[in-house]
1. I'm told Thr27 meets every condition in (1) loosely packed, with under 10 Cβ neighbours inside 10 Å; (2) modelled with pLDDT under 75 except one. Can you identify the failing condition by its number?
2. Sort out which residues of region 106-132 are surrounded by 13 or more Cβ atoms within 10 Å (Cβ to Cβ) and either aliphatic (A, V, I, L, M) or under 17 Å from Asn63 (Cα atoms) (or both), and write them in order of number.
3. Failed condition for Ala129, given (1) modelled with pLDDT of 90 or more; (2) closer than 30 Å to Val185 by Cβ, with all others met?
4. Filter region 117-174 down to residues that are assigned to a loop (DSSP other than H, G, I, E, B), farther than 16 Å from Leu98 by Cα and not polar (S, T, N, Q), then give me how many there are.
5. Taking Thr107 and the conditions (1) in contact with a strand residue (DSSP E or B) (Cβ under 7 Å, 6 or more places away or on another chain); (2) closer than 25 Å to Gly178 by Cβ, which numbered condition does it fall short on, given that it satisfies the others?
Amino acid sequence: MIEGLFDNKYFIGIGSALGSILLTILTQHVLNRRIRLRYFVLHNRVGVSTDDTIFGSVKVTWNGNMIANLFLSTVELVNESMRDYENIVVRASDTILLTERTEIVDTTHFLKWTDEFATQLQVAPGQQATEAQIDLYGRQRNYLIPTMNRGQVVRFTFLNAAKSQNQPSIWLDVIQKGIKLEFRVAHNQTLGVAQPTAALVGSIIGLFIVGVIVCFVHTIWLAAIVSFVYGLFAQIPGALAVKAWRWLQHFFGG
């Protein structure tokens, strides 16, 4: 009966039409989905002010003001969607920002402030910055990303002072139609893939490998050795599988 259905030209025609409709719907869903940006933050302490009456003092200052904890923080913003985007406005805030460095990774370009933000901080020749300008400069930065292609990484490096005795918190904000911004905790990586992700995918692949071993390997000691070796290096095939999936996404996404 089933063979008869596949030989029926009407069934084949209807099935092809339904398949085309489904493929069109899925394609439109992929093309119209919101762009997804993710960012990761890494903090490194570079200075601590201490005051010891016996062994001496160490003071970290900025414009004559002592800073208790000085950090060098790196923020990476990644376009993980299948779309390119233009003119993204990004705001960085929630710590005392001192100096900055920006770059569009793998290019020679860096980011500029938005025109509005640059105008707010503009100081006429021979004049001094006002208290409001100094306060704004320390509170936030507003950047314009002219183009962010799929897979593109934008890196921000801030010398900053934590508002408390703990490490600073730096948050990015994007308020723009069609863009969803997500924060992710930075992890050590295996072949460019976060280790928790590589381990999870590697474990899933391991389940299929165990199934193959059970079905085709009848020597117990050999099955044990193969399973043990795979378990030691499970993150590597997991990372390779994730990289292959990302490559397919970029290839079919254009």
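The values are calculated or read from the model by the stated rules, or taken from the named source; none is laboratory data. Predicted model, so just to flag it, every value in this text is computed and none were measured. All Cβ positions, glycine included, derive from the backbone under ideal geometry; neighbour counts span all protein chains shown.
1. Going through the list (1) loosely packed, with under 10 Cβ neighbours inside 10 Å; (2) modelled with pLDDT under 75, Thr27 breaks only (1).
2. Leu111, Leu121, Ala129
3. (2)
4. 7
5. Result: Thr107 passes all but (1).
Yes/no matrix, rows are residues, columns are (1) modelled with pLDDT of 80 or more; (2) surrounded by fewer than 17 Cβ atoms within 10 Å (Cβ to Cβ); (3) within 27 Å of Gly151 (Cα to Cα); (4) assigned by TED's automatic domain parsing to the domain that holds Leu159:
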site	(1), (2), (3), (4)
Leu42	yes, yes, yes, yes
Thr53	no, yes, no, yes
Gly56	no, yes, no, yes
Asn63	no, yes, no, yes
Leu70	yes, no, no, yes
Met82	no, no, yes, yes
Ala92	yes, no, yes, yes
